[in-house]
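Take a look at the structure set out below.
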Amino acid sequence: MFDPSDTARLFGCAPGVDFPLAVVRGLEQRLETAPPEAWARVTLLVNTTRMARRLRDLFDQGPARLLPRIRMITQIDDLCPHAPMPPAATPLRRRLELAQLIKTLIENQPELAPDAGPFDLADSLATLLDEMQGEGVSADDIARLDVSDQSGHWARAQQFIAIAQRYINDSQSAPDPEARQRETVLRLAEHWAQTPPHDPILIVGSTGSRGTTLRLMEAVARLPEGAVILPGLDDHMPHHVWNTLAEDKTAEDHPQYRFLHLCEALGLHPSDVEQWTGLPPASDARNALVSLALRPAPVTDAWRDEGPKLVDLDAATDAITLVEADTPRTEAIAIAMRLRQAAEDGQKAALITPDRMLTRQVTAALDRWELVPDDSAGTPLHLSPPGRFLRHVAGLFQATLDAEALLTLLKHPLTHSGANRNLHQLNTQRLELRMRRDGLPYPEADSLKRCAQKATRQVEEIAPWADWVADLLCDGETTGLLPLEVWVTRHRALAEALAEGPDGADADELWQKKAGQAALKVMEGLADAAAHGGDMSAGDYAGLVATALRQGDDVRDRDTPHPNIMIWGTLEARVQGADLVILAGLNDGTWPEAPTPDPWLNRKMRFDAGLLLPERRIGLSAHDFQQAIAAPKVWLTRSIRSDDAETVPSRWMNRLRNLLQGLVASGHTDHWKTMRARGDHWLALARQLDAAPDMPKAHRPSPCPPVSTRPRRLTVTEIQTLIRDPYATYAKHVLRLRALRPLVQTPDALLRGILSHDVMEQFVRDTMKNAEHLTTDALMQHARHVLNRDVPWPAARALWLARFERAAAWIVETEHLRQMRATPILFEEEAKGKLALPAIRTELEGRADRIDVDETGAVILYDYKTGSPPTKDQQKHFDKQLLIEAAMVEEGGFAALGPRPVRAAQFIGIGSTPKIEDAPLDVETPRQVLADLVGLLSAYLEGDKGYTSRRALYEDREARDYDQLARFGEWDVTQDPMPEVLT
């Protein structure tokens, strides 16, 4: 295939060339006169499975021929005649072993990391050790680093790296994958140096970014029939620029630096590398422009000399569109619209970005037109249904079950995924509604069963289901340490039991499809490696499961994607070609990505040891950018603002902009402005697509329903609502809508009021049995009992107890006076009353907090308030609760009392500033109150009387349950209501 040569054989393909196609065309040229069997003797070593698939597809297109051997560069054991090395240890096993070491380290040196960090540190340490083995850096090299003038943390890290490396070296029966690969490459290179193979071996597509791969590329390039073919080699870099790049050993952020490093190792100069084939790039003028824009920092002054000499800038930029959107959402919509246009035109289009959030937004936007892109990354396993399910189940072990966690699991599609799932969903809905109504923040087995039985009249239907749920999910919190084997067994058994349902047929959907199979593989891997995990807490196990799922294989359980609309990561994009390439998310921190923190080695230590610097990853990203921007048609997109703040453009966009705008002074057109204008057209379309039509705003509602549908039974507390917000009465009684309480309940004012009433009732009842208990200690004892029983929030419980304690002395003092004046007779449960208003055929219901009777038989009414009691003026016009109850007492509305005169009525404020507020019975007599009440209710029994929304609220900013129904916000209280007669 090749002519004899004394130098290493290195070829390149320019950016913008379809690299896999170029590989095939180059082979055809070199084997044109060779016998047919020569093809079968060729071995192609590729770095990605996608590259291998693309090459096979190209060979499948014909003509018919024997095919070369295509294998991964990690699958070279059979190329070496020596006995193969032992199988590599799984990454999970190695991380579990390292986690045990790190736990011991943290116990001895607590300042190194928090107790919750062993598995995260094990992950980063395993990555570092892989990198050290790949780059040929030993623990001794790290130990020799001088850190005397640096923080003591780095000295401790040195020591621990040495310990970890010795531990791994002792595990020769199961070496690390990276160490095994490096040893295999070294053995193979040594064998080839003595006995070179006669058949052609080519490495295609790799850039030599890792030390082990670089050694393999050096060995292959020196073979008599070996060659390395580099993708995206910049043939516009002058000789002196390569020399400048070689002199600056810290210039690893340049896209061509890795090629320079390889050439130096082979004794070549990059400008002497030959082209593998004559296939031209999409735009040689654009390649020249981008090459100049990405020059190393020390030679960017060449822009002044070489910039004006650039030719055909029109051709270089005509196919580039610049989209600078206001937000990521606008960017995603513009991209989706362009991809849709490509689908209609039959173009092959690819979106390339490392920003997975942006790709999900684009996918969601494409769903508007029922377009499913071919996403090479798929769905991360931990975000797939089985992955989420397993993480939720693991969470049951580490925390007390709350309402949100319970319903999250019950509503998961994999829970009870077998027969009769429809009944499971119905029972879950019933349970949720009851939980929202009664409140069940932390379900226990007994409380959950009681709540479920109250949720429906078909108790016999829901009871077995509730028993199944309670037995599986309640009281699962586990304290202490358990072996990993026990955790995995319990976890899997619980997950399968939940998926099976009460009948226990089989796990059904849990382990089905690609996502389920991948999740099962992770769980089996955990079981296999459990012997190396030691004892751990429930929190550690939950974190381990989440990490294992996150590192699992991505899954692609999707509908058939569109054949011409692709989403690629930067690695996949290196070996693919498309008519239109969209480079999205071009902001610093996204492309290139921000380097991850390294808790083990700082940058100087890495540089001195010969490990990868953060700049190398930036250089690889720059090379991906240089290759992708060389496509036939290109979009460059970014968002000016993220969700949090203004963004910074990618450094490569900045360089390209500065170069193009700088050339305007030398007489060139402002091509950057032209590129942006093309993008502005699409942004305008995106805004138009999202623009909502002008709709007339809603008027302030005041519905007038038929008289027959208007309420004839109200409670005393609803009179205040009818006065202040009549629309709420209409929604509740006419439309029969009830506001659901939040599932994740909070310690709100309503709960505090209910419990304060309970405390006062228990306290007063106790003092009636034993007058000696009329003390602050007794009051606080009752308060602690009630709050400990009914308030599961420690912070709220402590705060409410403190408030009670501040008011306790005042409450006891005034209670003593109250009991001297009258005797408590009825409390909230017994003090229920009804009052018929025959004139308007309406019935009024009420419940007093407390009713006392004095020696003359007269009644004193009390109502407890945890907030500020209403003033006399407020009671006169709005808060008529006590006044109406007084009228009910005198009319005999309380059957347990009969008609009695009312001596007084008081609000007792037991909040932060305790206070007593009398009801103005002298001004608002019971007879007058009843007359006014009949007048108010009879007015709302007239057909043209509307229930106005927010008629007279105490504060306009007060939120009401039915504001959304009333479309409050489209109108305000300054607008007159619009009565609407309903039929």
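Read-outs: derived from the displayed coordinates by stated rules, not from any lab. As the structure is a computational prediction, the values presented were derived from the model and not from experiment. Cβ placement follows ideal geometry from the backbone for every residue including glycine, while neighbour counts extend to all protein chains displayed.
Table for the structure above
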| item | result |
| --- | --- |
| Cα-based helix-to-principal-axis angle, 421-438 vs the chain, degrees rounded to 10 | 50 |
| Spacing of the two label points (7 Å from each Cα toward its C-beta) at Arg641 and Leu21, in nm | 4.3 |
| Mean Cβ neighbour count within 10 Å, used as a protection proxy, ranking 784-793, 431-440, 329-338 highest first | 329-338, 431-440, 784-793 |
| Sequence-separation-based contact order of the chain, relative, with Cα cut under 8 Å and 6+ spacing, percent | 14 |
| Tilt relative to the chain, helix 651-662 - C-alpha long axis, 0 to 90 degrees, to 10 | 70 |
| Reach of Lys513 by Cα under 28 Å, taken over lysines that are not fewer than 8 positions away in the same chain | Lys411, Lys521 |
| Computed E for Asp528/Asp777 - FRET, C-beta separation, R0 56 angstrom, nearest 0.05 | 0.35 |
| The chain: antiparallel DSSP beta bridges as a percent of all, rounded to 5 | 30 |
| Computed lengthening from Ala364 to Ala691, 0.36 nm per intervening residue step minus Cα-Cα distance | 116.0 nm |
| Summed residue charge, Cβ within 10 Å of Ala315's Cβ, Lys/Arg positive, Asp/Glu negative | -3 |
| Packing-based ranking, highest mean first, of 192-205, 312-325, 686-699 given that Cβ atoms within 10 Å are counted | 312-325, 192-205, 686-699 |
| Linear extension gain, His699 paired with Ala419, 0.36 nm per residue minus alpha-carbon span | 95.8 nm |
| Ser702 long-range amide H proximity, modeled H, under 5 Å | Met978, Glu980 |
| Spin-label proximity, Met820 to the range 890-911 - amide N less than 20 Å from point 7 Å beyond Cα toward beta carbon | 903-909 |
| The range 701-737: trypsin sites (Lys or Arg not before Pro) in DSSP coil with no more than 10 other Cβ atoms inside 10 Å | Arg736 |
| Point-charge dipole on Cβ atoms (K/R +1, D/E -1) for the chain, about Cα centre, debye to 20 | 1660 |
| Zone residues, the range 437-462, relative to Arg738, backbone N less than 17 Å from point 7 Å out along Cα-to-Cβ | 437-440, 451-458 |
| Net charge, Met1 excluded, C-beta distance under 15 Å - Lys, Arg +1, Asp, Glu -1 | -1 |
| FRET efficiency for Asp446 and Arg900, using Cβ-Cβ distance with R0 set to 35 Å, rounded to 0.05 | 0.25 |
| Of Thr925, Val859, Ser912, farthest towards positive along the dipole that unit charges on Lys, Arg, Asp, Glu beta carbons give the range 837-934 | Ser912 |
| Gap separating the Cα centres of the range 614-692 and the range 320-386, nearest whole Å | 17 |
| Cα pair distances of the chain binned at 10 Å [whole percent] | 2, 9, 13, 16, 16, 13, 11, 9, 6, 4, 2, 0, 0 |
| Label point distance in nm, Ala265-Ala939, each placed 7 Å from Cα along Cα→Cβ | 9.0 |
| Nearest-0.05 FRET efficiency for Asp598 and Asp140, computed from C-beta distance (R0 22 Å) | 0.65 |
| Residues of the range 588-606 with amide N under 17 Å of a point placed 7 Å along Cα→Cβ from Gln661 | 588 |
| Whole-angstrom gap from the range 232-278 to the range 865-934, using each part's C-alpha centre | 91 |
| Nearest-ten-degree value, helix 794-821 long axis tilted from longest Cα axis of the chain | 10 |
| Rough spin-label spacing in nm, given labels placed 7 Å along Cα→Cβ, for Asp301 and Leu186 | 4.5 |
| Length gained when the stretch Thr478-Glu404 is fully extended (0.36 nm per residue, less Cα-Cα span) | 24.7 nm |
| In the range 810-963, lysine pairs with alpha-carbon atoms under 22 angstrom apart (chain gap of 8 or more, or interchain) | 12 |
